[in-house]
Amino acid sequence: MQETHFSKEIVNTGRQIEFDWAKTLAIVFMIMVHIYQYVTTVNYHVLPTDVFRNTIEFLGGPLAAPVFMFAMGMGMIYSRKNTSHDFMTRGIKLLIAGYALNLVRETIPLLFMAGIGQGEGESILYSLGNVDILHFAGMAFIAIAVMKRFNINEWKMLAISVLLQPLGVAIASLGIQNKLMQYVLDLFIHANEGSSFPLFSWLIYPVFGMCFALVLQRIKDKRWFYNRVLLIGILGFITTSSTYVINGYDLRFSYTLAKDFYWEQTMLQSSWIIFIILIAIASYFWLSEFVTNGKVVGSIKWISKNLRA
C-alpha cells in the first residue's frame with residue numbers, strides 16, 4: 001500500500017454520496033422489476049432471450065438487492081450507532097417490521113377472502129411467513145450483532161459468510177417437510193418458495209460492504225481508489241463471465257426472475273455478482289462527481305436516508 005493513498009488512521013469520514021446513489025438506484029431497480037413481474041404476461045420461469053428482458057432482469061437482479069445489501073453493510077461501518085446492542089435493536093425492529101408488512105399487505109386481505117369462502121390455509125401461512133428483503137435486513141443486523149458481541153472482526157465475518165452459503169444449500173437439500181418449520185427456516189435457508197432472501201445465502205453482501213468500507217475509511221484519494229476498484233471489477237467480471245460461459249454455466253440463472261435460482265445464491269453466483277457490485281459502486285462514485293445539481297443530490301440523499309435498512 002502506498003502511504004500517499006492509504007492511511008493507518010481513519011481519514012475518510014462523513015457521508016459518502018456514492019452509498020446514497022447505490023441504495024437509491026437499487027430500490028428503483030427493485031421497484032422496476034417487480035412492476036415488470038406483475039403487470040406482464042411473460043413466463044419469467046423461462047430464461048430471457050430478448051434484449052429488453054435481459055436488461056430489466058439484469059438491472060433488477062445483480063444491480064438491485066446485492067448492491068443495496070452491500071451499501072447497507074458500508075453504512076454499518078460509517079454509522080455512529082454501530083455497537084452490538086445498536087445492531088441487535090435495529091435488527092429486531094426490522095424483522096418485526098417485515099412480518100408486520102406481511103400481515104397488512106397479504107395476510108389480512110387473504111383472511112378477508114377466506115371469510116367469504118375464498119383462499120386456502122396454506123396461502124395464509126405463506127402470506128405471513130414469506131421472507132423478503134426487510135426480513136433479511138433484520139436478520140443481517142442480528143447476525144452481525146451476535147458476531148460483534150463475540151469480538152469477531154469484519155474479515156472473519158466475511159469468511160463465515162462464505163462458509164454459510166454451502167451450509168445453507170446442504171441443509172435445504174434435506175427437504176424439510178413440515179410447513180411451519182419451513183417458514184421458520186426460511187429466515188436462514190431457502191427451505192421453500194417463501195424465502196426470497198435467506199440469511200445464509202445473502203449475508204456475504206452486507207459483510208463484503210463492511211470490509212470494503214473499512215478500506216475506504218483509510219483512503220486519502222478516493223478518485224485514485226475508485227479508478228482501481230473499477231478496473232478490478234471489470235477484469236473480474238470479464239474473467240468470471242468468460243470462465244462460466246466456457247464451462248457451460250448460463251449467467252442468466254443469476255438474474256432475478258430466471259427460474260428462481262437467484263434467491264438461492266451460491267458462491268458461483270456471488271463471485272460473479274461481487275465484481276458487478278465493484279463496477280457499480282465505482283460508477284456511482286463517478287456519477288456523484290458528475291451530478292452536482294443541488295436538487296438532484298438532495299433527493300438522492302433524502303431517499304437514501306429514509307431507507308432505514
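The values are calculated or read from the model by the stated rules, or taken from the named source; none is laboratory data. Note that this is a predicted model, so its numbers are computed, not measured. Neighbour counts are summed over all protein chains in view; Cβ atoms, including those assigned to glycine, are modelled from backbone coordinates with ideal geometry. Heads up: the accessible areas ignore ligands, DNA and RNA and are worked out on the full protein's heavy atoms, side chains in. Shrake-Rupley method; radii C 1.70, N 1.55, O 1.52, S 1.80 Å.
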- Give me a count of the residues in the range 36-73 that are under 23 Å from residue 132 (Cα atoms) and among the acidic types (Asp, Glu). 1
- Task: Go through the range 192-264 and tell me which helices (runs of 4 or more DSSP H), entirely inside it, have 1 or more residues that are more than 30 Å from residue 177 (Cβ to Cβ) and at pLDDT 95 or above.
- Result: 204-216, 222-246
- Message: Restricting to the range 1-48, and then to whatever is outside any helix (DSSP H, G or I) and basic (Lys, Arg), can you tell me which residue is least open to solvent (accessible area, probe 1.4 Å)?
- Response: 15
- Message: I'd like to know if the range 172-180 contains one or more residues that are open to solvent by 20 Å² or more (accessible area, probe 1.4 Å) and under 27 Å from residue 30 (Cβ atoms).
- Response: yes
- Which ones in the range 195-209 are crowded, with 24+ Cβ neighbours inside 10 Å and in contact (Cβ under 8 Å) with a residue 60 or more places away in the chain? 195, 197, 198, 201, 202, 203, 204, 205, 206, 207, 208, 209
- Message: I'd like to verify a number: residues in the range 210-222 that are over 24 Å from the mean Cα position of the chain (by Cα) and free of Cβ contacts under 8 Å to residues at least 60 places away in the same chain, how many?
- Response: 0
- Message: Tell me whether the range 119-127 contains one or more residues that are of a type in the set (Gly, Ala, Ser) and in contact with an Asp or Glu (Cβ under 6 Å, 6 or more places away or on another chain).
- Response: yes
- Task: Please give the number of the condition residue 272 fails out of (1) assigned to a helix (DSSP H, G or I); (2) without any contact (Cβ under 8 Å) to a residue 24 or more places away in the chain.
- Result: (2)
